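Worksheet for the structure shown next.
The values are calculated or read from the model by the stated rules, or taken from the named source; none is laboratory data. As the structure is a computational prediction, the values presented were derived from the model and not from experiment. Here the Cβ positions follow ideal geometry from the backbone for every residue, glycine too, while neighbour counts run over all protein chains shown.
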Amino acid sequence: MIFASDNWAGAHPKIAESLTRHAAGFASAYGSSDLDKQVERAFNEIFEREVAVFFVGTGTAANSLSMSAVARPAGVAFCHREAHMIADEAGAPEYFTHGRLCPVDGPLGKLEPEALEAAISHYPPQFIHSGQPAAVSITQTTEIGTVYDLDSIRAISEIARRHGLPLHMDGARFANGLASLDVSAAEMTWKSGVDIVSFGGTKNGCWCAEAVVFMDPDKARDFPFIRKRAAQLFSKSRFIAAQFDAYLKDGLWLETARHSNAMAARLARHVEASANARLAWAPQANEVFPIIKLSKVDELKGAGAAFYPWHPPHGSAAEIGSDETMTRFVTSFATTGAEVDRFGELLA
Ligand SMILES: Cc1ncc(COP(=O)(O)O)c(C=O)c1O
């Protein structure tokens, strides 16, 4: 009953098998192998256009280097107040850009267009003292398991466009968002105005595979040097390629995302049915946030359930009683229906 995080899960057997298969023999280094090139073409197919793909090792690297690609002197990038970039990356985006992140509010982990517009207005382009707007970033799936629908992405991208700002998507859980919306990768990104994606594989079945994807390869001309200087150009890049090769083949990435989303929905049904817990909000992907009776928490942990306590997010309408606590449960490709049901029985 491991619901601590999707990165507690190991690697999907097909990805482990691909890593083993590609471990033999020789391949040219630094992203130049046939396999690297083949996987780059696979990215073109899923995005339905020619994109520029750069493998990196962590989601933090993908986000920080994406921001670095659009950095400006005294640059300010706008993201949600609870975005991983601003809350959980120890200042890495600022470190790589020499710029700043500006927190923007919005309910349920999503940027509110009016709040974004107001935040940008505090940085008039010609006003030397405040700094200059550089980018807008959204997270799909958000840090609290909610999903931007296409209209919401378009509303944000229109504001970004109007201010001449590129739109970045932190897609550490890209596949979960896509599976939830049941749209194409093209629709959820460039067709809705997204320019750069941090494309995550690690949380959804890879061992360690992330990529920065530019929807317009012309905008990526300097990126090889940005990545190299950040020490993210892997000499044995073929092993990241080997993971993405299996991940993208025959829709494995969407299959694992659909599975983890379904496991979260099943977990949510158990929470709704229990007198000891309730949902803080409805899950839309693979994260569930139950408010649980304090008296029950130790019992669940004692029975082997792993999950984290969580702070109610900004603007959350959920009221927490003195005998309750908010928690976060994350499901993954490796979560089984049996363990979800076992947890449900304990919770009931
Ligand atoms: C939304 C989001 N973005 C980025 C990251 C960063 O990933 P990593 O821990 O690989 O740097 C995480 C990791 O938890 C995440 O949840």
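Return the residue satisfying two criteria in turn: it lies in the range 5-45 and is of a type in the set (Ser, Thr, Tyr), surrounded by fewer than 19 Cβ atoms within 10 Å (Cβ to Cβ) and more than 16 Å from the ligand (Cβ to nearest atom), and of such residues it is nearest to PRO309 (Cα to Cα). I'd like the intermediate steps shown before the answer.
Going through the range 5-45, the residues of a type in the set (Ser, Thr, Tyr) turn out to be 5, 18, 20, 28, 30, 32-33.
From the residues that got through so far, the ones that are surrounded by fewer than 19 Cβ atoms within 10 Å (Cβ to Cβ) too are 5, 20, 28, 30, 32.
After this cut, where a residue has to be more than 16 Å from the ligand (Cβ to nearest atom) as well, the list is 20, 28, 30, 32.
Values: THR20: 37, SER28: 46, TYR30: 41, SER32: 44 Å.
That would be THR20.
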Test: ALA264 is within 16 Å of the ligand (Cβ to nearest atom), on the phi < 0 side of the Ramachandran plot and within 14 Å of the chain's Cα centre (by Cα): no
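Conditions tested, residue by residue: (1) assigned to a helix (DSSP H, G or I); (2) surrounded by fewer than 14 Cβ atoms within 10 Å (Cβ to Cβ); (3) touching a helix residue (DSSP H, G or I) at 6+ places or on another chain (Cβ under 9 Å).
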position: ASN261; (1), (2), (3): yes, no, yes
position: ALA268; (1), (2), (3): yes, no, no
position: TRP281; (1), (2), (3): no, no, yes
position: GLN284; (1), (2), (3): no, no, yes
position: LYS301; (1), (2), (3): yes, yes, no
position: ALA318; (1), (2), (3): no, no, no
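Find the residue count for the range 145-176, including only residues that are small (Gly, Ala, Ser) and under 14 Å from SER192 (Cα atoms).
At the first step, the residues of the range 145-176 found to be small (Gly, Ala, Ser) are 145, 152, 155, 157, 160, 164, 171-172, 175.
In the following step, the residues that additionally are under 14 Å from SER192 (Cα atoms) were identified as 152, 155, 157, 160.
Final tally of qualifying residues: 4.
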All helices (runs of 4 or more DSSP H) inside the range 1-100 with 3 or more residues being of a type outside the set (D, E, K, R), assigned by TED's automatic domain parsing to the domain that holds GLY164 and in contact (Cβ under 8 Å) with a residue 40 or more places away in the chain: 13-21, 34-47, 59-69, 84-87
So the check is Cβ under 6 Å with 6+ separation or different chains; which pairs have a first residue in the range 209-221 that's of a type in the set (Gly, Ala, Ser) and a second one that's away from the ligand (no atom under 16 Å from the Cβ) and modelled with pLDDT of 95 or more? ALA211/VAL53; ALA220/ALA52; ALA220/PHE214
Given the conditions (1) over 19 Å from CYS208 (Cα atoms); (2) modelled with pLDDT of 95 or more; (3) within 16 Å of the ligand (Cβ to nearest atom); (4) not in a loop (DSSP other than H, G, I, E, B), report the number of the one that LEU108 does not fulfil. (2)
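Being without any contact (Cβ under 8 Å) to a residue 24 or more places away in the chain, closer than 26 Å to LEU150 by Cβ, more than 21 Å from the chain's Cα centre (by Cα) and more than 14 Å from the ligand (Cβ to nearest atom): is that true of ASP298 here?
Criteria not met by ASP298.
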